[in-house]
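Visitor: Please read through the structure below; I'll follow up with questions.
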Amino acid sequence: MTTTTARRLAGIACALACTTAQAQADYPAKPISIVVTFGAGSGSDVAARLYAKALKDKLGATAVVDLKPGAAGMIGAQAVARAAPDGYTLLMGSGTVNAANYPLFRDRITYQPQSFAVAGILYTSPATLFAAREFKGDGVAEVLAEAGRGGRKLACGSGNAVTQVACEMLKRKTGLDIVTVNYKGNAQSLTDLAGGQITVAFSDLAAAAPFMQRGAARPIAVPSRSRHATLPQVKTFAEQGIADFDFLSWNGIFVPAGTPAEIIGKLNEAVRHLLTTPEWENLRLSTAGLKVSGELKEAQDFVASEIAKWERYVRESGVKGSE
């Protein structure tokens with residue numbers, strides 16, 4: 001290589017580096033797309049719309065919510081994994097898409113943990129078991145006993161991979177013949193629950209809130225170590241004699257792998273801003289969400305622990321993923 005050629009290549013490299021640095025400094029310079037992998041009204045959808053507002057307030061960004069439901073959230077996640085790592089295509093991630101799907105769909109999933117970087121965790125809450133309003137009783141055993149009278153079929157609604165495993169575990173733990181019915185999102189499963197098409201359904205409280213408000217769905221058990229602060233009357237599964245039943249619903253912001261750290265930092269600023277707003281705090285409290293810091297390192301550690309937990313859950317339960 002001649003000296004002249006080397007100088008030209010060095011100049012090109014310098015120009016590219018300067019252009020990239022300028023693009024990061026100017027970010028965001030165009031609209032941001034937030035891909036939601038579940039349907040309208042889902043917890044992911046609610047969180048995405050509030051985060052879009054936080055991006056406007058904190059970064060002056062215009063953000064649009066892009067619903068891409070289907071295949072247990074894998075359609076939307078795959079689209080983000082393949083997007084340019086420039087901060088303009090975000091994923092409203094979840095326990096389903098960014099943890100449970102990996103072992104459940106190991107033979108056909110088209111993205112992996114290393115396909116993304118997390119920019120912050122927004123929300124965590126135990127998924128709650130809801131009963132159709134026609135069935136009376138204070139807990140799981142009573143509701144299922146009444147629902148199964150006269151040979152009636154028992155059905156558990158699932159809106160994502162987390163709740164699918166929860167339904168299958170409910171069947172195994174109770175020893176009852178409960179059919180798992182899969183939907184594109186928790187809001188859809190709760191709609192059928194309210195209509196009497198299924199017996200029970202697992203859901204995050206963000207999606208369940210409107211159904212609870214009009215008395216269309218009734219919480220009967222919490223799959224966590226302690227009761228919900230906003231639902232103190234609802235017993236945990238452990239209190240009802242069903243041990244080792246701990247399922248967490250969560251949402252966080254993810255970007256394609258390779259997204260510059262400076263851009264991830266800006267997105268994290270918007271995460272931390274959202275967590276301080278009265279609107280978000282009211283949502284968190286009304287849906288029994290747990291307090292999260294929004295800090296980037298905490299988010300990274302949390303996602304790693306959730307991936308490891310779901311590897312164990314799926315291995316021990318033997319549940320196979322269903323889209």
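The values are calculated or read from the model by the stated rules, or taken from the named source; none is laboratory data. Small disclaimer: the values here were computed from a predicted structure and weren't measured. With ideal geometry, Cβ positions are generated from the backbone for all residues, glycine too; neighbour counts draw on all protein chains shown. Ligands, DNA and RNA are excluded from the accessible area calculation, which covers all protein heavy atoms including side chains. Shrake-Rupley method; radii C 1.70, N 1.55, O 1.52, S 1.80 Å.
Visitor: Do any residues in the stretch 279-308 that are without any contact (Cβ under 8 Å) to a residue 60 or more places away in the chain have Cβ atoms under 7 Å from those of residues that are open to solvent by less than 80 Å² (accessible area, probe 1.4 Å), where the two are at least six apart or on different chains, and which pairs are they?
Guide: Leu285/Thr230
Visitor: Does Phe135 satisfy the criteria of being assigned to a loop (DSSP other than H, G, I, E, B) and either open to solvent by less than 20 Å² (accessible area, probe 1.4 Å) or among the aromatic types (Phe, Trp, Tyr) (or both)? So that I can check it myself, show each step before the final result.
Guide: Numbers: assigned to a loop (DSSP other than H, G, I, E, B): yes; either open to solvent by less than 20 Å² (accessible area, probe 1.4 Å) or among the aromatic types (Phe, Trp, Tyr) (or both): yes.
Yes; evaluated as a whole, the condition is true for this residue.
Visitor: Further question: Quick one: would you say Lys297 is assigned to a loop (DSSP other than H, G, I, E, B) and either touching a Pro at 6+ places or on another chain (Cβ under 8 Å) or loosely packed, with under 14 Cβ neighbours inside 10 Å (or both)?
Guide: Values: assigned to a loop (DSSP other than H, G, I, E, B): no; either touching a Pro at 6+ places or on another chain (Cβ under 8 Å) or loosely packed, with under 14 Cβ neighbours inside 10 Å (or both): yes.
Here the answer is no, as Lys297 does not meet what is asked.
Visitor: Turning to a different aspect of this structure: If you take the residues in the stretch 95-125 that are in contact with a Ser or Thr (Cβ under 8 Å, 6 or more places away or on another chain) and surrounded by fewer than 24 Cβ atoms within 10 Å (Cβ to Cβ), which one is farthest from Val319 (Cα to Cα)?
Guide: Ala117
Visitor: Is at least one residue of the stretch 199-209 surrounded by fewer than 22 Cβ atoms within 10 Å (Cβ to Cβ), in contact (Cβ under 8 Å) with a residue 24 or more places away in the chain, at negative phi and not charged (D, E, K, R)? Working first, answer last.
Guide: Keep residues of the stretch 199-209 that are surrounded by fewer than 22 Cβ atoms within 10 Å (Cβ to Cβ), which gives 209.
Now narrow it down to the ones that are in contact (Cβ under 8 Å) with a residue 24 or more places away in the chain: 209.
The next check asks that each one be at negative phi; those that pass are 209.
In the following step, the residues that additionally are not charged (D, E, K, R) were identified as 209.
There is at least one residue in the stretch 199-209 that is surrounded by fewer than 22 Cβ atoms within 10 Å (Cβ to Cβ), in contact (Cβ under 8 Å) with a residue 24 or more places away in the chain, at negative phi and not charged (D, E, K, R).
Visitor: Restricting the search to the stretch 272-294, which residues are more than 15 Å from the chain's Cα centre (by Cα), part of a helix (DSSP H, G or I) and surrounded by 15 or more Cβ atoms within 10 Å (Cβ to Cβ)?
Guide: Once the filter is applied, which keeps residues that are more than 15 Å from the chain's Cα centre (by Cα), part of a helix (DSSP H, G or I) and surrounded by 15 or more Cβ atoms within 10 Å (Cβ to Cβ), the stretch 272-294 yields Arg272, His273, Leu274, Leu275, Trp280, Leu283.
Visitor: Could you list, in sequence order, all residues of the stretch 232-244 that are of a type outside the set (A, V, I, L, M) and open to solvent by 10 Å² or more (accessible area, probe 1.4 Å)? Spell out the reasoning first.
Guide: At the first step, the residues of the stretch 232-244 found to be of a type outside the set (A, V, I, L, M) are 232-233, 235-237, 239-241, 244.
Selection gives Pro232, Gln233, Lys235, Glu239, Gln240, Gly241, Asp244.
Visitor: Is there any pair with a first residue in the stretch 161-190 that is free of Cβ contacts under 8 Å to residues at least 40 places away in the same chain and a second that is among the acidic types (Asp, Glu) and assigned to a helix (DSSP H, G or I) whose Cβ atoms are under 9 Å apart and which are 6 or more apart or on different chains, and what are they?
Guide: Matching pairs, first to second residue: Ile178/Glu168; Val181/Asp192; Tyr183/Asp192.
Visitor: Suppose the filter is out of contact with any helix residue (DSSP H, G or I) (no Cβ under 8 Å at 6 or more places or on another chain), of a type outside the set (Val, Ile, Thr) and either in contact (Cβ under 8 Å) with a residue 24 or more places away in the chain or within 27 Å of Gly157 (Cα to Cα) (or both); does Gly318 pass it? Working first, answer last.
Guide: Working: out of contact with any helix residue (DSSP H, G or I) (no Cβ under 8 Å at 6 or more places or on another chain): yes; of a type outside the set (Val, Ile, Thr): yes; either in contact (Cβ under 8 Å) with a residue 24 or more places away in the chain or within 27 Å of Gly157 (Cα to Cα) (or both): yes.
Here the answer is yes, as Gly318 does meet what is asked.
Visitor: Same structure, new question: Residues to consider are Ala117, Ala166, Ala145; find the one that is touching a strand residue (DSSP E or B) at 6+ places or on another chain (Cβ under 8 Å), farther than 30 Å from Thr259 by Cα and of a type outside the set (Ser, Thr, Tyr).
Guide: Details: Ala117 fails: farther than 30 Å from Thr259 by Cα; Ala145 fails: touching a strand residue (DSSP E or B) at 6+ places or on another chain (Cβ under 8 Å).
Of the residues listed, the single one that is touching a strand residue (DSSP E or B) at 6+ places or on another chain (Cβ under 8 Å), farther than 30 Å from Thr259 by Cα and of a type outside the set (Ser, Thr, Tyr) is Ala166.
Visitor: Every residue in the stretch 37-82 that is of a type outside the set (A, V, I, L, M), part of a loop (DSSP other than H, G, I, E, B) and closer than 19 Å to Lys184 by Cα, please.
Guide: In the first step, residues of the stretch 37-82 are kept if they are of a type outside the set (A, V, I, L, M); the result is 37-39, 41-45, 49, 51, 53, 56-58, 60, 62, 66, 68-70, 73, 76, 78, 82.
Those still in the list that are part of a loop (DSSP other than H, G, I, E, B) too: 37-39, 41-42, 60, 62, 68-70, 82.
Residues satisfying the conditions are Thr37, Phe38, Gly39, Gly41, Ser42, Lys68, Pro69, Gly70.
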